[in-house]
1. Exactly one condition in (1) surrounded by fewer than 10 Cβ atoms within 10 Å (Cβ to Cβ); (2) closer than 17 Å to Val88 by Cβ is false for Glu56; which is it?
2. Any idea which of Ile166, Ile115 is surrounded by 10 or more Cβ atoms within 10 Å (Cβ to Cβ) and modelled with pLDDT of 65 or more?
3. List the residue pairs whose Cβ atoms are under 7 Å apart, where the first residue sits in the range 1-29 and is over 14 Å from Leu107 (Cα atoms), the second is modelled with pLDDT of 90 or more and of a type in the set (Gly, Ala, Ser), and the two are 6 or more positions apart or on different chains.
Amino acid sequence: MKHFDRLLLFVPLMFLLIIAATDILMLRHEQSGRQYLVDANRIEQIILNGDMPSAEQFSSVTGIFAYDGSDSFFRTDSAYLIRRINGVLYRIDYTDAPQHSDLQAVLLTDAGLLILLAVIMGVLFYIRQKILKQFTKLGDVPYQLARGNLTEPLKEDKSRFFGKYIWG
């Protein structure tokens, strides 16, 4: 029974480690086609077609600026890249932070793993209560029988897992 109780402690700890590892891997995972590069290419195509896009159209872009000849064009605190489109320089400010959908995927994964942990722990507690505890109650019976005590009654459990065993 002690070994099973250790298992009841080990399983949740392992699940918590798995959850932490998946969170770290999913949040640190760099996608091979970074979204800001995809958005920059789309902006370039839109400008080449004669339109001027707005930053709100793109999930990772925070600003689109045409070069006006001033030095402030190159001074900014945000991450940016510069593209020459139709002979004009454009600064595309972007953010490379995890998107809302990435965080949502992490939360859904965590919720799924926690539900799985609850189901596994429920099954383990059921096995502990309905089967293993019955064995510990029956553990003293062979000792009593060996001593010649044949009058000790055995109570049958409602689940009747050991019905024929107890009857025998």
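1. Tallying (1) surrounded by fewer than 10 Cβ atoms within 10 Å (Cβ to Cβ); (2) closer than 17 Å to Val88 by Cβ, Glu56 fails exactly one: (2).
2. Result: Ile115 is the single residue among Ile166, Ile115 that is surrounded by 10 or more Cβ atoms within 10 Å (Cβ to Cβ) and modelled with pLDDT of 65 or more.
3. none
Rundown of residues vs (1) at pLDDT below 85; (2) more than 30 Å from Phe125 (Cα to Cα); (3) in contact with an Asp or Glu (Cβ under 9 Å, 6 or more places away or on another chain); (4) small (Gly, Ala, Ser), yes/no style:
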| position | (1), (2), (3), (4) |
| --- | --- |
| Phe4 | no, no, no, no |
| Arg28 | yes, yes, no, no |
| Leu37 | no, yes, no, no |
| Gly69 | no, yes, no, yes |
| Ile82 | no, yes, no, no |
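The values are calculated or read from the model by the stated rules, or taken from the named source; none is laboratory data. Just so we're clear, the structure is a prediction, and the values are computed from it rather than from any experiment. Every residue, glycine as well, gets a Cβ built from its backbone with ideal geometry; the counts of neighbours run over all protein chains shown.
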